1. Roughly speaking, what is the stretch gain from ALA190 to ARG172, that is 0.36 nm per residue apart minus the C-alpha to C-alpha distance, in nm to one decimal?
2. If you line up the long axis of helix 194-206 against the longest principal axis of the chain, both from Cα atoms, how many degrees apart are they, to the nearest 10?
3. Can you give me the long-range amide H partners of ALA51? Hydrogens built in the peptide plane at 1.01 Å from N, cutoff under 5 Å, separation of 5 or more residues or another chain.
4. What number, rounded to the nearest 500 deg cm²/dmol, is the helix-based mean residue ellipticity at 222 nm of the chain, given -39500 (n - 2.57) per DSSP H run of at least four residues and division by all its residues?
5. Using the alpha carbons of the range 182-276, what is the convex hull volume per residue in cubic angstrom, as a whole number?
6. So how far apart, in nm, are the two label points at ASP204 and ASP46 if each is 7 Å from Cα heading toward Cβ?
7. Can you bin the chain into rounded, prolate or oblate? Criterion: square roots of the alpha carbon gyration tensor eigenvalues sorted a ≥ b ≥ c, rounded for a/c under 1.5, prolate for a/b above b/c, oblate for the rest.
8. Once amide H atoms are placed 1.01 Å from N in the peptide plane, what residues at a sequence separation of 5 or more from SER187, or on another chain, have their amide H within under 5 Å of its amide H?
Amino acid sequence: MSYDEILYEVDDQILTITLNRPDKLNAFTTVMRDELIDAFDRADEDDDIRAIIITGAGRAFCAGADLGKGKETFNYKAQGRMDDSGLHRDGGGRVTLRMYESKKPIIGAINGPAVGIGITMTLPMDVRLASENAKIGFVFSRRGIVPEACSSWFLPRLVGISQALQWVYSGRVFSAQEALEGKLVKSLHAPEDLLDAARAIAKDFITDTAPVSVALCRQMLWRMTGADHPMEAHKVDSRGIAYMGQSPDVAEGVSSFLEKRPAEFTMKPSVDMPDYYPWWEERKFE
């Protein structure tokens, strides 16, 4: 698939996805939705990609949904976009659910304004960094609509229910400093330093680590945020230790440590995920 509204660039095992509608402040469209989903599909199958950075072209990260249809922007019935049951799947949610499934760590480099879907799309990213110039807003109450992109699930888990509600109730746009204080972003950076900081974190995820281990760790930690008992973690931990303990990557990891040399892991997420993966699709633990 060729891309019109994103850039897809791989360098030194890091994929940088750039939202690329700078003349529209990278406003989100159905084209961008489909391209982002395709990009994550593609990245999961490419074992040369170990980490993903998402940023925006120009002065914005993403100004939210493209409001080119005016007051009918969110009226999917008027647009004839509802299914036979009278529902329309939220496009932002389709993107964040695909990010949630990713086998590769995701870092958000929020280089400028990020409002509506522009900020909710960052919530399933593993780390968010922001430019000192960024502005952020969960503006739904000021548009008469509701949170989307699964943000009612992600946001309270990231920042706590009280902070999430304050931002969502008010719908106001706030500073990068407030986002830092509210633990929505990890750190603030001068605009010219933002991508270098994101790449440094990506490199930290890549260096001396096993790709399949990282993929499993990502899914285990994210999915346990919704578990109702630590036993659910124990079940999948036990399967992981039993399966991976027999693997060439674990043999190499232990040997390299004992021999005081860099590890050379050979397992690939595209073809070597354990036979119990994806365990969350099972109805019971056996």
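1. Details: separation 18, 0.36 × 18 = 6.48 nm, distance 2.35 nm.
4.1 nm is the gain from fully extending ALA190 to ARG172.
2. Long axis of 194-206 versus the principal axis of the chain: about 30 degrees.
3. LEU15
4. On the way: 10 runs with 108 residues, N = 286.
Taken over the chain, the calculation gives -11500 deg cm²/dmol.
5. Working: hull volume 14.5 nm³, N = 95.
Hull volume normalised by residue count: 152 Å³.
6. The two pseudo-label positions are separated by 2.5 nm.
7. Details: a/c = 1.77, a/b = 1.50, b/c = 1.18.
Judged from the Cα gyration tensor, the chain comes out prolate (a/c at least 1.5, a/b above b/c).
8. Result for SER187 returns ALA130.
Taken together, the values in this text are just the output of simple stated rules run on the coordinates, not laboratory data. This structure is a prediction, so every number in the text was calculated from the model and none was measured. Quick reminder, even Gly has a Cβ in these numbers, built from the backbone with ideal geometry, and neighbours come from all protein chains shown.
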